[in-house]
Amino acid sequence: MRRFAILTGVSLALAGCGQDGGAPSDEAVLDGSAPLASRTTTEGAKRSGSPRVVQVVPPGGEREPADAAGEAKQMRAENKRLRRELEDLEALERARKRIQRRLARAGYDSNLVIGAGGLAWPVNGTVSSPFGPRWGRLHAGIDISAPTGRVIRAAQDGRVSIRGPVSGYGNYTCVAHTKDFQTCYAHQSRFLVEQGDDVVQGQAIGLVGCTGRCFGDHLHFEVYVNNRPTDPMPYL
C-alpha cells in the first residue's frame, strides 16, 4: 500500500511539472474545447510557447465552393452566346456584300446602252475628248463628261485585273475580257469592285470623279488590244 502511494505521488508530480512549464510531450495534444476540424502541433508550441491551431484538410483536398461552380457554368454559357452573336454578325456581313453586288449588277443610274461593236457604254455622257494625238502626245482613250458620282459600268464580261491609284490616272480599274482585250476606267471617285472580281457587262464597277491629273469631272475610258491602246469608238 505504501509503495502504491509513493508511485502515485511521483506520477502526480511529473504530471504537474508537464503542465506548469516542463518539457512538452512529443505527441500532439488534442484540445477538447477545439472543433474536430482543428488540432495543435508541438512545432508551434516550441516557437511561440503556446499551442497553434491548424486547419485539418479532408482527404482529397479542399472542396470547391458551390457558388464557384455556378459562376464557371455561367461564364461558359455567356461565351457560347457571344460566339453565336459573332457568327450571326459575320453571316450578315457576307449577306450585305452579296446584296451590294446584286444591286450593282441591277444598275441604278440609267439604261444600259450597248454599242454597235458589242461593248456597253461605260457611262452615260458626251465625249469631250476623242482618242488620238493631243498636245504632242497620244491621248490613249476617250473622255466622257459626267458628274461626280455617276455610275461607271463594265463594258463587257470579264475579270478585274487592275484596281488602285495609278499616277495621273487617279483611281484606275482595268477589266480583262480576254487574254488580248481589256478595258480601263480612270479618274474614279470611288471603287465598287476589288481586284480579281468577276464582273458582268453593265455591272457597276466605280463612280465618276476627278482623281489624278484631271481638269473636270469625267471618265477616261481606254481599250487595249494586244496590250496596245486602241480607239474605243469602233467598239461602242
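Descriptive notes on the structure:
- Among the residues listed as GLY206, GLY216, GLY196, the single one being farther than 16 Å from SER161 by Cα, in the same structural domain as GLY141 (by TED's automatic domain parsing) and not β-branched (Val, Ile, Thr): GLY216
- Selected residue [surrounded by fewer than 21 Cβ atoms within 10 Å (Cβ to Cβ), in contact with a Leu (Cβ under 7 Å, 6 or more places away or on another chain) and not small (Gly, Ala, Ser)] from ARG134, ARG213, ARG190: ARG190
- Test for ASP231: is it out of contact with any strand residue (DSSP E or B) (no Cβ under 7 Å at 6 or more places or on another chain), modelled with pLDDT of 95 or more, surrounded by fewer than 19 Cβ atoms within 10 Å (Cβ to Cβ) and farther than 17 Å from VAL123 by Cβ: yes
- When residues of region 199-236 are limited to those that are in a loop (DSSP other than H, G, I, E, B) and in contact with an Asp or Glu (Cβ under 8 Å, 6 or more places away or on another chain), the one farthest from ARG150 (Cα to Cα): ASN226
- A count restricted to region 180-206 and to residues that are farther than 23 Å from PHE131 by Cα and either free of Cβ contacts under 8 Å to residues at least 12 places away in the same chain or of a type in the set (A, V, I, L, M) (or both) stands at 5.
- Criterion applied to ARG153, ARG163 was being basic (Lys, Arg) and more than 21 Å from VAL113 (Cα to Cα), and the one residue passing it is ARG163.
- Meets criteria (within 27 Å of the chain's Cα centre (by Cα) and either touching a residue at least 40 places away in the same chain (Cβ under 8 Å) or surrounded by 14 or more Cβ atoms within 10 Å (Cβ to Cβ) (or both)) for VAL175: no
- Residue check for PRO147: in a strand (DSSP E or B) and farther than 20 Å from ALA116 by Cα: no
- Residue in region 129-146 that is farther than 19 Å from ARG228 by Cα and within 36 Å of the chain's Cα centre (by Cα) present: no
- Subset of region 176-198 that is part of a strand (DSSP E or B) and either in contact with a Lys or Arg (Cβ under 7 Å, 6 or more places away or on another chain) or among the small types (Gly, Ala, Ser) (or both) - its residue that is nearest to GLY216 (Cα to Cα): ALA186
- Residue match in region 136-145 (condition: hydroxyl-bearing (Ser, Thr, Tyr) and either in contact with a Phe, Trp or Tyr (Cβ under 9 Å, 6 or more places away or on another chain) or closer than 27 Å to LYS97 by Cβ (or both)): no
The values are calculated or read from the model by the stated rules, or taken from the named source; none is laboratory data. Small disclaimer: the values here were computed from a predicted structure and weren't measured. Virtual Cβ from ideal backbone geometry, glycine too; neighbours counted across all protein chains shown.
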